[in-house]
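Each remark here refers to the structure printed beneath this line.
Just so it is clear, none of the values below were taken in a lab; they were calculated from the coordinates. The shown structure was predicted, so the numbers you read here are calculated from the model rather than taken from an experiment. Using ideal geometry, Cβ is built from the backbone for each residue, glycine included, and neighbour counts are taken over all protein chains shown.
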């Protein structure tokens with residue numbers, strides 16, 4: 001496993017753990033601001049993981065597709081990147 005994949009996996013595991021903590025906090029009716037702070041931590045971890053995934057994809061799959069002579073594959077790969085970027089930015 002590459003360092004980038006390890007870091008991405010760590011972020012997902014931390015986000016998963018924090019999500020469980022948030023659920024527990026809500027069930028215990030803890031202070032709203034404390035819950036929101038934990039939620040923002042999860043959002044930060046997920047954004048970071050997404051950026052790492054994108055970087056890995058651009059440096060591997062996307063780079064390979066762009067180096068090929070297959071124009072259809074290049075177009076499809078570009079469309080995929082644009083689609084994911086639009087969803088991320090919503």
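Here are the numbers:
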| quantity | calculated |
| --- | --- |
| Failed criterion for residue 78 (all others in (1) farther than 20 Å from residue 8 by Cα; (2) touching a residue at least 12 places away in the same chain (Cβ under 8 Å) hold) | (2) |
| Residue check, residue 39 within 23 Å of residue 90 (Cα to Cα) and touching a helix residue (DSSP H, G or I) at 6+ places or on another chain (Cβ under 9 Å) | yes |
| Filter result for residue 9 (under 12 Å from the mean Cα position of the chain (by Cα) and free of Cβ contacts under 8 Å to residues at least 12 places away in the same chain) | yes |
